[in-house]
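Engineer: Here it is, the structure in full.
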Amino acid sequence: MADYTTNFILRTDKKNLKGQSPILLTISVSNQLKKLSTGISVLPELWDNDKKRVIYLDLKTAKKILPNYDYDLLPLKNDVKRLNESLQGIKREIEKIADRFELEGIEYSSEMLVDTYKGSAKQTTKKEAPKDYIFDFLDKYIQDNEPNRAKGSLQVYKSLKKHLQNYQNDKRTKVRFDKMDTSFMRSFQNYLIQWNETNPNTKRVNTLNNVTIAKQLSSIKTVLTYAKREGVEVKGNYKDFSIKKQKLEVIALTERELMRLINLDLSQNERLDRVRDLFVFSAVTGLRYSDLKQLKHEHVSNGEIQITVTKTKEGLIIPLNKYSLAILNKYKDCKTPLPAISNQRLNEYLKELCKIAEINDSIEIVRYKGAERITTVHPKYELISIHNGRKTFATLSLEKGMNAETVMKLGGWSDYKSFSRYVNITENVKRTAMSTAWGAPEVMKVINGGAE
């Protein structure tokens, strides 16, 4: 029987409008060469000719070797992985066909291998490339990203799909990628401002505030950029649409409130005692609920916590302090280092706990719906959830003199922009900074109505 060889080549003499060259699979049988299109095209800079695979370029490297390129078109790490898997999949299919010919004693040529592959692919392979119709693509986006995202993090895209479908029905116009320009973004934003829906169970009218609307609009931009990388024709000027994001209130416990919680006698209430331990542990380590939940005894050694963060998949090392160590010692003989409570129940019980601890200062919450200012006032305990433990950690750490870079590293914040959203720079921080820089003020004596 004839021997065959395969090889991937990049046809650099041919490029599409994006500067990408097609990848071909060459098949040689008895010195007869046949080329098979893989349907994949990449920039020449992304092709490793020695290893015969697509490579990933980070943004810093791309700016050096592709200074004038639209970086939104560069494939992400997952995209590169998927492209290489597709190439190897085609090669394996050719090998299977050749093996079948060998078993059946059929003399074959390179042309027979290619023709058989094309016929098989036509019969059994459904085209998975995204369509211009955005709802199909949104499903694909969610499906593609589900394995790599924390549970629940894609819910905003499911909501986006619902709102876009409502927009299409109410406006009686097709929502398509090639029409999603700045004019569409403005129209969709106005639609969301006016949107309302009556809950059939509670009869309550639900509306969207500007914070939620901004998330929806940002999600559209993310999907459009992703679609552009996938080869979908997208209106480029969607990027020019400016999304106004409201700076949100950051609710954190003061040191006095945290100590009041720590010193609260809960010896007769095991349920709230466990809730208090979870919140305090978050407030003195900066860990999110998802990481409190996954914490195991093997994550704690040599006076520190070593854990891979659920949200970012990055490694994190947090030294223990007297509060976190005391809580871990309390549960050292239990199956897990911390009590197990669902997120929903934990947040519900925290409000009860903080009310008992008299954490009840009045907090004003300001939201906007379009240009309408909506103000509500709540006792502080109503606004406390487990995530406020992380905010408390950042705020109190700064108050105690830690620099921002150290707090960011301890809490796993990747950049100052995201860090600053969580940090409440309190009046105590400003007073300390002023007195450190300029000296503490002396008590002024008032003489004849003036200051001495």
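The values are calculated or read from the model by the stated rules, or taken from the named source; none is laboratory data. Treat the numbers as computed from the prediction; the structure is a model and nothing was measured. Here Cβ is always computed from backbone atoms with ideal geometry, including for glycine, and neighbour counts include all displayed protein chains. To get the accessible areas, we keep the full protein, side chains included, count just its heavy atoms, and leave off ligands, DNA and RNA. Shrake-Rupley method; radii C 1.70, N 1.55, O 1.52, S 1.80 Å.
Engineer: Would you work out which of Ser41, Val54, Ser301 lies farthest towards the positive end of the dipole of the chain? Charges go on Cβ: Lys and Arg +1, Asp and Glu -1.
Structural biologist: Ser41
Engineer: Once you wrap a convex hull around the alpha carbon atoms of the range 330-387, what is its projected area averaged over all directions, in nm²?
Structural biologist: Numbers: hull surface 22.5 nm².
With every direction weighted equally, the projected area is 5.6 nm².
Engineer: In square nanometres, what is one fourth of the surface area of the convex hull spanned by the alpha carbons of the range 10-101? Don't jump to the answer; show the numbers that get you there.
Structural biologist: Values: hull surface 27.9 nm².
If I average the Cα hull's projected area over directions, I get 7.0 nm².
Engineer: Which value in Å does the Kirkwood hydrodynamic radius of the range 142-186 take, with 1/r averaged over all unlike C-alpha pairs and then inverted?
Structural biologist: Working: mean 1/r = 0.0823 Å⁻¹.
Hydrodynamic radius (Kirkwood, Cα only) of the range 142-186 equals 12.1 Å.
Engineer: Return a whole-number percent for the relative contact order of the chain, with Cα pairs under 8 Å and 6 or more residues apart as the contact set. Please report the intermediate quantities before stating the final value.
Structural biologist: Details: 524 pairs, mean separation 47.7, N = 452.
Relative contact order for the chain comes out at 11 percent.
Engineer: Divide the volume of the convex hull of the Cα atoms of the range 299-417 by its number of residues and quote the answer in cubic angstrom per residue. Spell out each step's value before the answer.
Structural biologist: Numbers: hull volume 20.7 nm³, N = 119.
Convex hull of Cα atoms, per residue: 174 Å³.
Engineer: Got the relative contact order for the range 246-382 handy, in percent, Cα pairs under 8 Å and 6 or more residues apart?
Structural biologist: 21
Engineer: While we're here: I need the fraction of alpha carbon pairs in the range 237-298 separated by more than 19 Å, rounded to a whole percent.
Structural biologist: Numbers: 1010 of 1891 pairs.
Every Cα pair in the range 237-298 considered, those over 19 Å come to 53 percent.
Engineer: Here's another thing I want to ask about it. Evaluate the charge dipole of the chain about its Cα centre and quote only its size in Debye, nearest 20, assuming +1 on the Cβ of each Lys and Arg and -1 on the Cβ of each Asp and Glu. All intermediate terms of the calculation are to be shown ahead of the outcome.
Structural biologist: On the way: 77 positive and 56 negative charges, 211 e Å.
In debye, rounded to 20, the chain gives about 1020.
Engineer: Under 15 Å from a point placed 7 Å out from the Cα of Glu102 along the Cα-to-Cβ direction: which residues of the range 16-59 have their backbone N that close?
Structural biologist: Of the residues in the range 16-59, 28-30 have backbone N under 15 Å from the label point off Glu102.
Engineer: What is the Cα centroid distance between the range 265-296 and the range 80-109, reported in whole angstrom?
Structural biologist: Cα centroid of the range 265-296 versus Cα centroid of the range 80-109: 55 Å apart.
Engineer: Could you estimate the translational diffusion coefficient of the range 202-338 from the Stokes-Einstein equation, with Rh from the Kirkwood formula over C-alpha pairs, at 20 °C and 1.002 mPa s, in whole µm²/s? Walk me through the numbers on the way to the answer.
Structural biologist: On the way: Rh = 19.1 Å.
In µm²/s, the coefficient rounds to 112.
Engineer: Counting only protein heavy atoms and a 1.4 Å probe, tell me what percentage of the range 275-412's accessible area is made up of carbon and sulfur. Spell out each step's value before the answer.
Structural biologist: On the way: 3550 of 7030 Å².
Within the range 275-412, the accessible surface is 51 percent carbon and sulfur.
Engineer: Over the alpha-carbon set of the range 6-51, divide Rg by the Kirkwood Rh and report the Rg/Rh ratio to two decimals.
Structural biologist: Values: Rg = 11.3 Å, Rh = 11.1 Å.
Result: Rg/Rh = 1.01.
Engineer: Run lengths n ≥ 4 of DSSP H only: what is the helix-derived mean residue ellipticity at 222 nm for the chain, with -39500 (n - 2.57) per run over all residues, to the nearest 500?
Structural biologist: So the calculated ellipticity at 222 nm is -14000 deg cm²/dmol.
Engineer: Picking from Ile251, Ile386, Leu320, whose Cα lies most toward the positive end of the charge dipole for the chain (charges on Cβ: Lys, Arg +1; Asp, Glu -1)?
Structural biologist: The Cα lying farthest towards the positive end belongs to Ile251.
Engineer: With every protein chain present, what is the per residue accessible area of the chain (1.4 Å probe, Å²)? Walk me through the intermediate numbers first.
Structural biologist: Working: 27320 Å² over 452 residues.
Roughly 60 Å² per residue, with all protein chains present.
Engineer: Mind checking which of Tyr191, Tyr226, Phe177 is farthest towards the positive end of the range 145-269's charge dipole, using Cβ charges of +1 (Lys, Arg) and -1 (Asp, Glu) about the Cα centre?
Structural biologist: Positive-most Cα among the choices belongs to Phe177.
Engineer: Within the range 317-350, which residues have the backbone N less than 12 Å from the label spot 7 Å out from Lys296 along Cα→beta-carbon, could you tell me?
Structural biologist: The answer is 336-337.
Engineer: Please sort through the DSSP H helices of the chain and keep those with an alpha-carbon extent of at least 27 Å along the long axis and a Kyte-Doolittle average not below -0.5.
Structural biologist: Working: long enough: 77-103 (39 Å, -1.04); 210-229 (29 Å, 0.02).
For the chain, where a helix must reach 27 Å along its axis and average at least -0.5, the hits are 210-229.
Engineer: Additional query: Could you work out the mean projected area of the convex hull around the alpha carbons of the range 140-291, in square nanometres to one decimal?
Structural biologist: On the way: hull surface 54.0 nm².
So the mean shadow area of the Cα hull is 13.5 nm².
Engineer: For His387, His299, write out the residues from largest to smallest accessible area, computed with a 1.4 angstrom probe and no ligands counted. Present the calculation step by step, with values, prior to reporting the outcome.
Structural biologist: Values: His387 60, His299 35 Å².
I get His387, His299, largest accessible area first.
Engineer: Let me see the pair-distance distribution of the chain: every alpha carbon pair, 20 Å bin width, integer percents in order.
Structural biologist: Histogramming the chain at 20 Å steps yields 18, 40, 31, 10, 1, 0 percent.
Engineer: From largest accessible area down, sort Arg172, Arg274; use a 1.4 Å probe on the protein chains. Please list the in-between numbers first.
Structural biologist: Values: Arg172 215, Arg274 70 Å².
My answer, sorted largest first, is Arg172, Arg274.
Engineer: Run the quick spin-label model on Thr308 and Leu248: label points 7 Å from Cα toward the beta carbon, then report their separation in nm to one decimal.
Structural biologist: About 2.8 nm separates the two model spin labels.
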